[in-house]
Structure formats: structure tokens, C-alpha cells
Amino acid sequence: MNYEAVIGLEVHVQVKTRSKIFTRVSTGYGYEPNTLTDPVVLALPGALPVMNKAALDAIIKAGLLLGCEIAPVCKWDRKQYFYPDSPKNYQISQYDQPICLGGTVEIELPGSARNVMGEHKKIPLTRIHLEEDVGKLNHGANDSLVDYNRAGTPLMEIVSDPAMHTAEEAYAYLTSLRATMIYGGISDCDMEKGQLRCDANISIRPVGETKLGVKVELKNLNSISYVRDGIAHEIKRQIGVLERGGIIVQETRDYDGMTGTSQSLRSKEMAHDYRYFPDPDLMPVKVDEAWKDKLRAECPELPFDKQRRFLADYQLPYTLTSALVWDHALADYFEAAAKLSGKPQATGNWIVNDLLRELGAAKLGLADSRVAPAHIAALVKLVDSGTVLTNAAKEIFVEMFATGDQPDAVAERKGLNAAPTDSNGLEQWCRDAIAANPKALAEFKSGKDSAINAFKGPIMKAAKGKANPKLVDETLRKLLASS
Amino acid sequence: MTSEPFYQTIAQLAAALDAKRLSSVDLTKAVIARTKAVEGRVHAFNSFDETDALAQASSSDARRAAGQARGALDGIPIGFKDVIAVTGQPLTASSKMLANFVSPYDATVTTKLKNAGAVVWGRLNMDEFAMGSSTENSANGPTSNPWDLTRVPGGSSGGSAAALAAGEAIATLGSDTGGSIRQPAALCGVVGLKPTYGLVSRFGLIAFASSLDQIGPFARTVEDAAIVLGAIAGYDERDSTSFQTEIPDYRVDLKQRQGPWKLGIPKEYFGEGLDPEIAAAVERTIAFYKGQGCEIKEVSLPHTQYCLDTYYVIATAEASSNLARYDGIRYGHRSQNASDIVDLYFKSRAEGFGAEVKRRIILGTYVLSSGYYDAYYLRAQKVRTLIRNDFLATFRDVDALITPTSPMPAFKIGEKADPLALYLCDIYTIGVNLAGLPGISVPCGFTKSGLPIGAQLIGQPFRESELLAIAHAYEQAHDWKNKFPAL
């Protein structure tokens, strides 16, 4: 039998705010345990939460970027369960009135080849809500210690519909969602720091069946590759169970990316009754149009929209756009350079091939680059005008990357300009070349335009490879016309 | 009238301090001496810190000597219910759970009173986590009523009421969730004010039921209550439920505002179960206002019969959640006999909480459980709205309501063993909390056996000035404030 998988993702994204969601203590990663705390974070007797508006701004912005409906009023609920990482033994979250409803994440599936755009899909979202992150348990041999530094960091829970069917789709979803959050300045989404965490709900059903199968929740998918691998593994596992005549049990499973295996954490019988109720310490929040408009104005163009624009406006090849648009800063860098050079494709090639290679080799980020968009544009113009040849330009780039000097200064210093620039010497070489090849002259005269190339080799040889090709071409045509 | 400083009012003492007839150190010493003399019988305090109090008094005297006194409260010893955080002082809620807890921070009211120069004095006994109406539910044992040591002072702020009645403080703070300031004030013969919900910050108040809790003053006179309220009221950015409103000078207002007022008598508050002596005393109070030209009108609060049920759903639901943090993990009582994390939760909480607290946590957990939420919690919230609407409807016709504060005078310690019988102590006070209104209990006489009786005045939201003025008018015409228990 053929099976179809149905996949929904629950993604937790830490919102990048300076202070915690309900108090003024700083957020942060890698600090001494329990230093980012105060009476509110530690849930001391009498402490009260107060909403951090920056966290609300961020989630509303995220909702706007993903096309969600923003609730006119949102409220806060207590999700109650006992665990030492939760200082109040309830988590302030949103239960029945999430701030963002609906919306979509646009994804692109792999194309037929690297240079061919793949199929685009819009994965529908169920909801996004805001809650507080919990602390972290560190288990020792004889004890477990709690660190509340993370507790109270604003956290968005982004829930997709069960609308994906392959591990590749889930991978593409997460990649796109992550880029959107980074683009919007909402989160850095560093999975190693736990800024983005993903759980997957997976079920399978015979192809053609419309009813959902029994779902299994897969946890601890702590890299984007693990999400893909874990889901692929789980689909295979479920098919295996059914094919052996077994039944799928509703459960939570832990995926181990190192070994590529999973094991059961708990079954449905142990499910919590969270006893949600509205938090009486916090007031509902009204989100009016003015607030949304202000945030809408701060929303950047999303990567796929940018890619469509780059393809249409700059006529860039697909591979080049794919290399440019996923990094907001790089895309901006490209646009600045292309505007100056007037030659988008050549500009894009320099950035993607040379700049990224040199940055990678030097282990630097774009922000560290001594080569500014103006450098790239100047270099493109030097090549385009024939002032420097392509090979020389490559050498110029490396020097320019190391020193930050302008390309013309580098060319001058290293003698890399195309020569001669005086047309007299060139004209003589051209006359010599025409005189030496009457056959090509005759062909050209009879209308074969490409015959002109036959003269160029000897000219370049005479010029020791430093002739300006454009100038050579112009001079030859002028002389041939009068011959 | 007594000349003992510990039985004088803030107004009198402030005048004496300003006139240099008295120093704050002398006043504080007198209060400490009085406390030591009677505390063995009254047991109003969980703890007190003499050295700290005298140091604060000494600072106050220095300010006054330098001409930098901060107002009427500068140098006045004020007792704190053991549910309000004071930096460096125990904060126990009269629970074994927090027996060794010392607060590392100040509640907003603490900060405000310190800024006003008050001497923060002692930790006052109460029903554990403010759950009770007699102060018998304290891990530290009951407090006695200074008017009859065999009787309860009421509760949950029984220590706050008893300490004031016994001269162990000049004013005290309590908290009121269902009557916990007004009822003990009535039973101990002092003034007790529960402000409008949102007028006083709850930051630093150990939460019982967040949507009902309010901090308020106990004082010898309405004027003193106005002075303390003026110091602690106001918007606080650390409490999202505090309200942005202009704080008037209550002390000036209560003297300037004159009647006659229109007063409503809710008929549901004078029915079965009301002690006849209390009914008679409240009737005399009503008659006084009538004699002053006030229009007296019978009104109806038709949903009154649902107040108690509604309260015990909402208050216990919130409490079950608010008290979840007491788990022995970060602070507080931790069982030494636990084998794993779940066992640690069970044993720490089983050992740390008293019977009434457990009863309410269990009830609250039940009403929030899956499948019961709609039938209990959600429905109770709807009834709560009806109850509030009842009150607001009466205020279209009247300025304030007059009722008894408590259906009964102080009862014997141990007399009410049935928790449901105790819940009935709050039938006249609970509606005010559910509706978020201000309420004040003022002494209005004594039973034949010499137990104090209180009348409750209920006002409109954020109109404490008017409520205080109405209470003040009665108080000025009567001598109850000058009667003190024979201790």
C-alpha cells in the first residue's frame, strides 16, 4: 500500500528583546547561572508580571510578515503544570485567543537542477501566540540544578496546519520561516542557542484517505537537518509498523540526531490537564490599527518577494538570486553595488563568487568586509570599459579585499591596466595583422563578420596580452572599413 | 480619653511630633513596651524587630530636627500584615511553607510608607495565606481579640486588627480578599478600609486571589485611615492591575465634603442569620444619617445569594494557581523525606500547608479542571458581572450603601470547627470584593457583653473621598473611637 505522511510543525522562536517578557531583567545566553533573575523571574512571594511591549511589537510584526490576522484584543492565560524549570509552576501563555491567526509560510521545494527554480507552496499556519520561556535543568550524577536565566525570555509558538507531506517540505518550511524571522529582526534563530526549537507532529494514512492517522509528536529536533532526518525516519518507522500489522500509538518520541533513532518519551495517557484560565495579574491588550500600521511600515520585503524582484528587475539568473536573497544584508549590499555599477549580473557574480569566497576563506562576515559596494561597482566598470582584463580583475579583487584600496589604485600600483592606451601603437599592430592575413580580409569583405577575430590573436601577442579588447575591435573595424 | 501615646491617633501624634512634644524614638519605645506587655495575651505578631524599628524612628527624628519631616506619617509605627514584603524582614503568610523566608525586596506599599517616613513595625499574624475569617488558621497559633481574649479577632487580617486595638501599633496594614480587613476591624472595634480594586498596588503582596486582593489600612479613626490611604494609593507600573487615576488629598476631602447624602440599605443584607444586637446597632447608625438629613432608600442587590458560591469558585481557582509556586524548589519548606521530584512536590506541600489552604487548593484545582471549567469558573465569572452590575445599578440612585460588616460579633476561639460555618462570616463583605468596590467598616457600638460592632459603608469605584467623608460624619458624632479594651 502507498502511504501519505501528514506533518504539522510547532516552532518555538525566542523573541530578541533586551529585557524579559514580564520584567526588566535582561535576556541573554551564556551568563553565569541565575544571574539574569529578579523577584518576578524567580516567582518570589508577591512578585507580579508586567507585559514588555517590545515582545508584543515583535510578535505582531511576525504576524504581519506571515500574513496572519492580528487579533483586536489578546489576553494572557496560565498554563499550569509542575516542573522545576517553571518558577511559578504555571507558564503565562495564550490559550484560546492567540494574537496571530492564520497566515502562511511560503516555501520552495528543490528544483530539477541546481539552476532551476523549484515548486513554490504556501503552508498555512494555524496560529502564533506569545508565551514565556522556562529555565533549564542541568542533570548531574546525584542532583539536578536549575538555571533560570532563560526563564521569562519572550517566546513565540508558531503552529502550522497539518499541511506538509514530506520531510523536504518541513525542511523548506523551517528554512523559510527562519529567514523570515531573521529578516524581520524578530529573532536571530540560532538553534544552537535554543533560539529556534521545533517539534513535529507526524501521522501517515493510505493515499486517498482523508481522515488523519494517529499522530506522533517528535521532539528534540535541534537542527534544521535533524528536522528533515527525524521526520523522514519517523515516516519510515510508522510505515514499517503498519506493514508489520502493528498499530501506531499516540505518543511523544525523542529523536536522536547523532544515531538517527527515536524512542518513546510518554504516551497519551500521561497527557497533562493544564487547567488554563485567564491570568488575573495581566490586563487584556487592545491592538489598534495605528499600532499595526506603525509595525507594518517596519516590515521588510521577504526573501521570496525579493527573489522575484531580482529576477524581474535585474534579470539575474536564478542561481544568483538564490545566493543573494536569503541574507538580508547581502541582498542590500548587492542592490547598492548594482545601482552604482549599472551592471547587475556582473555585480552579482563578483559578490557571490569572489566576495563570498574571500569572506569564507578569511572567516569573516559581510559586515567585516573592507570591500564596499562602491569597490565592486568600480571594478565592474573597469572590466566593462576594457580598462582591465578579467584575469587582471581577479587579481585586483584579491588585493582590494586584503587592503580595502580602490580597484583603480590597485591596478595602477600592480601594473594591471590593459595597454596600450595610446591608439597609435595599436593602429600599427592592427595594420600589420590585416596585412599578414589577406584570406581573413577577403572573408570579412565578403560579409563574414566573425573573420575579424582572426586578426585579434596576433595583435594581442604583439601587445603582450595587455591590449584593450574593445579598443582593438573598434580600431580593426575602422581600418577594415577603409581597406 | 487615654493619654498613652500608643492609643493616640496619627493626627494627634503627628501634631505632637511636629511640636517636639514627642520624639519618634519615644513613641516607638512606648509601642514596643506596650507590645511586650500585652503580646503574651494577644499574640498579634509573628515577629518584630525592635532594633530596626528604633533605627527607623531615630532617622525620622533626625529628619524632623533638620526640618525635613515628610508629613503626618513621619515617625509613626505602622504594623504590617505578614503578607506584605519588607526588605530584610520575614515574609511568612503565617505558613510553615514560608517559615524561614526573608524578603529580598519591598512591596510598593512598603516603599511608599518608607518614603513617607513611617516606621515599618513588625510582622502581623493572620490566617495562613489570608485564608480564613478568624486568624485561627495560622501556623503560629491564633491571635486573641483584645476585647475578650477567649475570642477571635476575625480574619484573615486578625493580627492587624488586634495589634491596633491593643495599642501595639498606631496603624496597621492588612489585605482584603473577601472581607479580611473589614470583618476583623468590626470584631476589634477599629476602622478598616478596603480600597477600590486597582487603587493600591499589589506588587509585593503575597497573592491569595489576584482579582480580589487589595491592601488597605486599619486605623483608630477615619481620618487616620485617610492619611494612610493617601500614602499607599496610586498607579504602580509594576502592577498591571493598578489604575491610573488622580489621588486626591483624602484627609482634606473628608473634612470638606459635606452631606446630606443619599444612602441605600440593601434589603438582602438584613435577613436571616444576622445577630439582633448588630442589626439594632446598624439601624441606629442608619437613623443617625437620617437625622442628619440624609435620604435613606431601600435598595436591592438581587444576586446577593450567589456571592458566597461565586467567591469560593473564583478565589479558590486563583489561589490554587497562585500557590503553585510554593514547591520547595527555590525557597520555602522542602521535605527532607522525598525520593524523587514528584514526591518532593507532594511531601513539601503536604508538610508546608495547613488544612484550610489545602482545602482551597483542592477546590480551586477542581473547578479549573478540564470538563469543569465552563460549569464553574466561567459561570462564576459571569455571575460576578451580574453581582457588580447589581451594585452599580444602586449607585444610580444612592451615593453609598450601609450594611452590617459581620453577621456576628467575635466568637470563641475554636467555636466554629466547620469550615462552611466560617465561610458565612464574610457574607456581607464578599460582594464588595467581587464588584471591586471600596468598603469601610466603622465602629458603631458594642454588644451587651462588650464586644465591638462595625457598620459597613460601600462606595462607588475610586470615590474613596466620599466614602471616607460619610464615615467621618458618623464617627465625629460618636464616641466609640475613645473606647479601649481593658488589657
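The values are calculated or read from the model by the stated rules, or taken from the named source; none is laboratory data. Note that the coordinates shown come from a computational prediction; the quantities given were computed from them, not determined experimentally. Cβ sites come from the backbone with ideal geometry, for glycine too, and all protein chains shown count toward neighbours. Accessible surface areas use protein heavy atoms only, side chains included; no ligands, DNA or RNA. Shrake-Rupley method; radii C 1.70, N 1.55, O 1.52, S 1.80 Å.
One table, with the values for the structure above:
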item	result
Accessible surface, per residue, of the range B:208-340 when the full set of protein chains is kept, probe 1.4 Å, Å²	41
For residues of B:326-334, the mean tally of beta carbons on other chains within 10 Å	4
Scattering profile of the range A:423-481 at q = 0.19, 0.21 Å⁻¹ [log10 I(q)/I(0), Debye over alpha-carbon scatterers]	-0.58, -0.71
Percent carbon-and-sulfur accessible area, the range B:332-487, ignoring ligands, DNA and RNA, probe 1.4 Å	56
Counting DSSP beta bridges with both ends in chain B, the antiparallel % (nearest 5)	65
Local electrostatic count at A:GLN345 - Lys and Arg +1, Asp and Glu -1, tallied over other residues with Cβ under 13 Å	-1
Residues along the range A:38-54 losing 30 Å² or more of accessible surface when the other protein chains are present rather than the chain by itself (probe 1.4 Å)	A:PRO39, A:ALA43, A:LEU44, A:PRO45, A:GLY46, A:LEU48, A:VAL50
Per the protein assembly as shown, cysteines lacking a partner by the 4.7 Å Cβ criterion	A:CYS74, A:CYS189, A:CYS198, A:CYS299, A:CYS430, B:CYS188, B:CYS294, B:CYS307, B:CYS425, B:CYS444
Rounded FRET efficiency, nearest 0.05, which uses the C-beta distance separating A:THR35 from A:GLU289 and R0 of 30 Å	0.15
Prolate/oblate/rounded label for the range A:303-414 (Cα gyration tensor, a/c 1.5)	oblate
Over chain B: helical MRE at 222 nm, DSSP H runs n ≥ 4 each giving -39500 (n - 2.57), nearest 500	-11500 deg cm²/dmol
Complex-versus-alone comparison for the range A:74-122, residues with a loss of 40 Å² or more in accessible area, probe 1.4 Å	A:PHE82, A:PRO84, A:ASN89
Relative contact order [Cα under 8 Å, 6+ residues apart], chain A, whole percent	14
Relative contact order of the range A:423-481, pairs being alpha-carbon contacts under 8 Å that are 6 or more residues apart, as %	42
Calculated FRET efficiency for the pair A:GLU168/B:ALA355, C-beta based, R₀ 60 Å, to 0.05	0.50
Cα-based Kirkwood hydrodynamic radius, chain B, one decimal, Å	22.2
Positions from the range B:83-101 whose accessible area shrinks by 20 Å² or more when the full protein complex is built, not the chain alone, probe 1.4 Å	B:PHE101
Of all accessible heavy-atom area on the range B:98-216, the percent that carbon and sulfur account for (1.4 Å)	51
Summed buried accessible area for A+B [probe radius 1.4 Å, Å², rounded to 100]	2800
Accessible surface, the range B:372-451, averaged per residue in Å² (probe 1.4 Å)	38
Carbon and sulfur %, accessible surface of the range A:423-481 computed with the full protein complex present, 1.4 Å	56
Residue-averaged beta-carbon neighbours from other chains (10 angstrom radius) around B:116-126	0
Exercise: per-residue mean of other protein chain Cβ atoms within 10 Å, A:278-285	5
Protection-proxy order for peptides A:250-259, A:130-139, each taking the mean of Cβ atoms within 10 Å per residue, highest first	A:130-139, A:250-259
Residue-normalised accessible area of the range A:303-414, expressed per residue, 1.4 Å probe, Å²	46
